[in-house]
Structure formats: C-alpha cells, structure tokens
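Structure, as structure tokens:
The values are calculated or read from the model by the stated rules, or taken from the named source; none is laboratory data. What you are looking at is a predicted structure, and each value in this text was computed from that prediction instead of being measured. Methodologically, a virtual Cβ is constructed for each residue, glycine included, from the backbone with ideal geometry; neighbour enumeration extends over all protein chains shown.
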Amino acid sequence: MEGKSLSDPMAKQPRIFSDLYINMVRAGGTRRRLVESATAAGDHFERFSQVQSKFTSGAGLPSLRVGGWVVIMFFFMTYMLPKKNS
C-alpha cells in the first residue's frame, strides 16, 4: 500500500526466505511479473526438496549395511575366534 517492495520485508527474515527466493521476488516485482517469479521459485525449491529427500533416504541403506558388518565382525572377533588357553 505504501509502494514498498515485497522483497524488502522478506529480506529481514533470512531464516525463512533464502537469498535466491528474495532476489527472484525482487526481479519479478521490477518486471511486474511477481506471480510468475514466485511460482518459479516455489517450483525450484519443491524440486530441490524432492532431490534432497531422495539423497537422504538413499544414504540410509549403505549405512545400515556398514553397521551390520561391524556387528558381524565384532561377533566373530569376540566369540567365534578361538581363545588363547593359559
């Protein structure tokens, strides 16, 4: 209402809005295409979130396998190997 840019108050909230999003909104406001810029930024962050969740879920199986091998090796080293008689 006062003629201020939407990106100015967004820039004051760095924990909520990233620099990329703020700059896309600023560019969209300058070109009078704010809705298109905000939609494009939202689509970008949604794709980024999907890729990040796939990466995170894909990292679980190898760590589970390594953990299993550590347990098996510990079992063999402590119980299966013959102990020295004294």
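Applying the criterion of at least 2 residues that are acidic (Asp, Glu) and modelled with pLDDT under 80 to the helices (runs of 4 or more DSSP H) found wholly in the chain leaves an empty list.
Would segment 69-78 turn up any residue that is within 22 Å of residue 4 (Cα to Cα), of a type outside the set (Gly, Ala, Ser) and without any contact (Cβ under 8 Å) to a residue 24 or more places away in the chain? Step through it out loud before you land on a result.
Taking segment 69-78 and keeping what is within 22 Å of residue 4 (Cα to Cα), we get none.
Within segment 69-78, not a single residue is within 22 Å of residue 4 (Cα to Cα), of a type outside the set (Gly, Ala, Ser) and without any contact (Cβ under 8 Å) to a residue 24 or more places away in the chain.
Among residues of segment 45-58 that are under 18 Å from residue 23 (Cα atoms), those with a beta-carbon under 9 Å from a residue that is at pLDDT below 85 and surrounded by 10 or more Cβ atoms within 10 Å (Cβ to Cβ) at least six positions away or on a different chain give the pairs 45/18; 45/20; 45/21.
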